[in-house]
Amino acid sequence: METIISGLKSGNIPCHVAIIMDGNGRWAQRQGLERSAGHVRGVDTVRQITEIASQLGVGYLTLYAFSTENWNRPQKEVDILMDLIVTAIERETPDLIKNNVRLALIGDTSRMPGFAVERLNRCIQDTSGSTGLTLCLAISYSSRWELTEAVRQIASEVREGTLNPDQIHAETIIAHLATRNMPDPDLLIRTGGDMRVSNFLLWQIAYSEIYVTDTFWPDFSQLDFCNAVAHFQKRERRFGLTGEQVRKS
């Protein structure tokens, strides 16, 4: 693994990697287990992927942990997921601090149980001094929620007279997104094989490279992550230009 890491570091490491962690429930069902067992196993994968991302020098790792649509799942599964996420983050916080990882959170926290918000905010505060990888958890998040909130904030500023509609540009919207303090993802990874982005960072992934694997999240290894980064390094990112223009720049 060290040889692989060294080889990747000699190339272009994505500054921001976003992951749709899909397949926990299907993994469990194939093992003859309850869906919750897949979520428990998936926590171990989060630890491993955070570790390898930090080793590679990734600046930001955003994990789609719980979407706003997930609130519509059976209440028992929702309760288990909320408790699992909070308990796992609390357990991992000392190691996050040790490894210089800062924790961040994006999402509609007003829909989350009070205990979960309070405990997660405590972990965020405890890791606030870290200067390495930023681990961003997208919990109770959806891109449509985020964009709706941005529009509301901008409309409020226009109504109050602090913003002229003629001054609204792409940068204005970016400044009102939940991710305003982070660069857009260079690489979007989806596990579980489904070919969709599931209402995740729709504005931000406009020019992200996309990597989809059939591997379910509980089985997604550090080597799998390295393979995704290796594929990223082979791609030519054109951002609307021709290949010739990119190579000349």
Fill in the blank from the handout: With the 1.4 Å probe rolled over protein heavy atoms, the chain has an accessible area per residue in Å² of 51 Å²
Exercise for the section: Set the Förster radius R0 to 30 Å, insert the Cβ-Cβ distance between E171 and D194 as r into 1/(1 + (r/R0)^6), and round the FRET efficiency to 0.05. Expected result: 0.40
Exercise for the section: First check a/c for segment 159-249, with a ≥ b ≥ c the square roots of the eigenvalues of its C-alpha gyration tensor; if it is under 1.5, answer rounded, and if not, answer prolate when a/b is larger than b/c or oblate otherwise. Expected result: oblate
Fill in the blank from the handout: With a 1.4 angstrom probe the carbon and sulfur portion of accessible area for the chain, in percent, totals 49 percent
Practice task
Would you mind pulling out the separation of the Cα centroids of segment 199-241 and segment 1-43, in Å?
Solution key: 12 Å
Problem - Potential lengthening between L202 and N121 on full extension [0.36 nm per residue; Cα-Cα distance subtracted] - result: 26.6 nm
Completion exercise
With Cα springs under 10 Å, the Gaussian network model of the chain assigns the largest mean-square fluctuation among P165, P14, P183 to P165
Practice task
Indicate, rounded to the nearest 5 percent, the antiparallel portion of the DSSP beta bridges found entirely in the chain.
Solution key: 0 percent
Practice task
Pull out the extension gain between I4 and R73, defined as 0.36 nm times the separation in residues minus the alpha carbon to alpha carbon distance; nm, one decimal.
Solution key: 20.9 nm
Exercise for the section: Give, in nm to one decimal, the length gained when the segment between I210 and V246 is fully stretched (0.36 nm per residue of separation minus the Cα-Cα distance). Expected result: 11.0 nm
Practice task
Treating cross-link reach as a plain straight distance, find the aspartates and glutamates whose alpha-carbon is under 18 Å from the alpha-carbon of K234, omitting any fewer than eight places away in the same chain.
Solution key: D186, E209, D224, E244
Problem - Square roots of 5 times each gyration tensor eigenvalue, C-alpha, segment 37-137, largest first, Å - result: 23, 15, 12
Problem - Most fluctuating residue given options I173, I189, I210, as computed from a GNM of the chain linking Cα atoms under 10 Å - result: I173
Problem - Backbone N under 16 Å from the L147 label point (7 Å along Cα→Cβ), restricted to segment 34-72 - result: 68-69
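The values are calculated or read from the model by the stated rules, or taken from the named source; none is laboratory data. No experiment lies behind these values; they were computed from the predicted model shown. Glycine gets a Cβ as well: all are built from the backbone with ideal geometry, and neighbour counts include every protein chain shown. Remember, those area values only see protein heavy atoms, side chains included, never the ligands or the DNA or RNA. Shrake-Rupley method; radii C 1.70, N 1.55, O 1.52, S 1.80 Å.
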